[in-house]
1. Starting from the stretch 264-276, take each residue that is free of Cβ contacts under 8 Å to residues at least 24 places away in the same chain and list its partners that are surrounded by 14 or more Cβ atoms within 10 Å (Cβ to Cβ) and assigned to a helix (DSSP H, G or I), counting only C-beta distances under 8 angstrom and pairs at least six apart or across chains.
2. If we keep just the residues of the stretch 36-83 that are among the aliphatic types (A, V, I, L, M) and either in contact with a Pro (Cβ under 6 Å, 6 or more places away or on another chain) or touching a residue at least 60 places away in the same chain (Cβ under 8 Å) (or both), which is farthest from Ile228 (Cα to Cα)?
3. Could you please find all residues in the stretch 87-96 being in contact with an Asp or Glu (Cβ under 7 Å, 6 or more places away or on another chain) and either in contact (Cβ under 8 Å) with a residue 60 or more places away in the chain or open to solvent by less than 40 Å² (accessible area, probe 1.4 Å) (or both)?
4. Counting only residues that are assigned to a loop (DSSP other than H, G, I, E, B) and among the small types (Gly, Ala, Ser), which one in the stretch 165-182 is farthest from the chain's Cα centre (by Cα)?
5. What tally of residues in the stretch 296-306 results from selecting those that are over 17 Å from Asn209 (Cβ atoms) and either charged (D, E, K, R) or surrounded by fewer than 24 Cβ atoms within 10 Å (Cβ to Cβ) (or both)?
6. Quick test for you: out of Pro77, Pro132, pick the one residue that is open to solvent by 40 Å² or more (accessible area, probe 1.4 Å) and either acidic (Asp, Glu) or not in a loop (DSSP other than H, G, I, E, B) (or both).
7. Filter the stretch 111-120 down to residues that are crowded, with 17+ Cβ neighbours inside 10 Å and out of contact with any Gly (no Cβ under 9 Å at 6 or more places or on another chain) and give me whichever is nearest to Glu78 (Cα to Cα).
8. Identify, please: which residue in the stretch 314-330 is open to solvent by less than 40 Å² (accessible area, probe 1.4 Å) and without any contact (Cβ under 8 Å) to a residue 40 or more places away in the chain and is, among those, nearest to Asp284 (Cα to Cα)?
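The values are calculated or read from the model by the stated rules, or taken from the named source; none is laboratory data. Since this is a predicted model, take the numbers as computed values, not measurements. Reconstructed Cβ throughout: ideal geometry from the backbone, glycine too, with neighbour counts over all protein chains shown. Remember, those area values only see protein heavy atoms, side chains included, never the ligands or the DNA or RNA. Shrake-Rupley method; radii C 1.70, N 1.55, O 1.52, S 1.80 Å.
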Amino acid sequence: MSTTDTTRTAGGRRKVTLVDTTLRDGMSSVSHRFTPGNVADIARGLDRAGIPTIEVAHGIGLGASSIQYGFAAATDPEYVRAAVDAVDNADIAVLYVPGIATLAELQGAIDAGIKTVRVAVHCTEADCAQQPVEWAKEQGLTVMTFLMMSHKLEPAPLAEQAAKLDSYGADVVYVVDSAGAMVPRHAGERVAALRQAISADIGFHAHNNLGVGIANALTAAENGATFIDGSLRGLGASAGNAQTEVLAAAFERAGWDTGVDLFPLVDTAEHVVAPLMTEPQIVDETALILGYAGVYSTFFHPTKRAAKKFGLSTREILLELGRRGVIGGQEDMIVDVASELAGRTYETPALARS
């Protein structure tokens, strides 16, 4: 897949493809408690609006429903089938994180009806994606790949990692701002470097911890990204994602063709998603410091729990985690750091400070 013949429509407008992740990344905001019925309702609205790819299942990815990451209200195949049965045109996708998901689980998702898999690895570990990418391509899937925590690499080395994913057969390679740590310049520089290094399409996945998710997405597109992720109402880990309905409006105002009908998106966000939200999707102190310190967005709730347990502020814990350069999968470090900062062990926690 190449951007050379897809970046402009017949009328000359630049084209960008919106991918919605309300039903995957957004699961993190509702403790993975969406039911298959909720999934069907939201997927139906997204499909009606013309969103071509809808990502579903547990917020951490395929196979993550567990005591470690939180149990979901249904199984991944149940979520996939609910979405597949609800849409007429959209492809249903799942996120595959090597070390969490297995190929057997991916096969189960294929049997349930997915057409796309998104393989996510840390930005320095593209080689971990080779097996699932090549296997998925053999099964006839569209394969999108994620370089998570992309802010941790400068543009040139990030492009080197992207070139590996390209060589494995990835259709799309994403720059992923997992911590919401980027500002527009960072997003643009990284996408531009990838554009020079690979033939695959480029995607951008924004989190909104610094309040610039939409601006980052627009800048990514200006520099060569043709796939942009969002979620309705911004639903997602910590401060949430770039908001799909806002992306649709902003790209239209900026002269881009998204192929999406804005008002069904707004209706689905307002009347289907909003009533299901357990709390507003805002940039609170914890979400802001996650972005400022460059810490993975899924550390949001565990850090709040640790702060309460050890009588600390989330700020203290997150700044130290940022100094230590923690990445996704190292959530156990939250308790270790909190314990050290509090000067006590996990077995003898302090009361939370007032």
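1. Val266/Glu245
2. The first filter runs over the stretch 36-83 and keeps only residues among the aliphatic types (A, V, I, L, M), leaving 39-40, 42-43, 46, 49, 51, 54, 56-57, 60, 62, 64, 67, 72-74, 80, 82-83.
Next, from what is left, pick out any that are either in contact with a Pro (Cβ under 6 Å, 6 or more places away or on another chain) or touching a residue at least 60 places away in the same chain (Cβ under 8 Å) (or both): 42, 46, 49, 51, 60, 74, 82-83.
Details: Ile42: 19, Leu46: 15, Ala49: 16, Ile51: 11, Ile60: 19, Ala74: 28, Ala82: 24, Ala83: 20 Å.
The extreme case among them is Ala74.
3. Keep residues of the stretch 87-96 that are in contact with an Asp or Glu (Cβ under 7 Å, 6 or more places away or on another chain), which gives 87-90, 93-95.
Correct list: Val87, Ala90, Ala93, Val94, Leu95.
4. Filtering the stretch 165-182 for residues assigned to a loop (DSSP other than H, G, I, E, B) gives 169-171, 177-182.
Those left that are additionally among the small types (Gly, Ala, Ser): 169-170, 178-181.
On the way: Gly169: 21, Ala170: 17, Ser178: 7, Ala179: 10, Gly180: 11, Ala181: 14 Å.
The selected residue is Gly169.
5. Narrowing the stretch 296-306 to residues over 17 Å from Asn209 (Cβ atoms): 305-306.
Retained after the next criterion (residues that are either charged (D, E, K, R) or surrounded by fewer than 24 Cβ atoms within 10 Å (Cβ to Cβ) (or both)): 305.
Residues meeting the conditions: 1.
6. Working: Pro132 fails: open to solvent by 40 Å² or more (accessible area, probe 1.4 Å).
Just one listed residue meets the conditions, Pro77.
7. The first filter runs over the stretch 111-120 and keeps only residues crowded, with 17+ Cβ neighbours inside 10 Å, leaving 112, 114, 116-120.
Among the residues that remain, those that are also out of contact with any Gly (no Cβ under 9 Å at 6 or more places or on another chain) are: 112, 114, 116-117, 119.
Numbers: Ala112: 8, Ile114: 12, Thr116: 16, Val117: 16, Val119: 20 Å.
Per the criteria, the residue is Ala112.
8. Of all residues in the stretch 314-330, those open to solvent by less than 40 Å² (accessible area, probe 1.4 Å) come to 314, 317-318, 320-322, 325-328.
Now narrow it down to the ones that are without any contact (Cβ under 8 Å) to a residue 40 or more places away in the chain: 314, 317-318, 320-322, 326.
Working: Thr314: 11, Ile317: 15, Leu318: 13, Glu320: 18, Leu321: 18, Gly322: 18, Val326: 21 Å.
The qualifying residue nearest to Asp284 (Cα to Cα) is Thr314.
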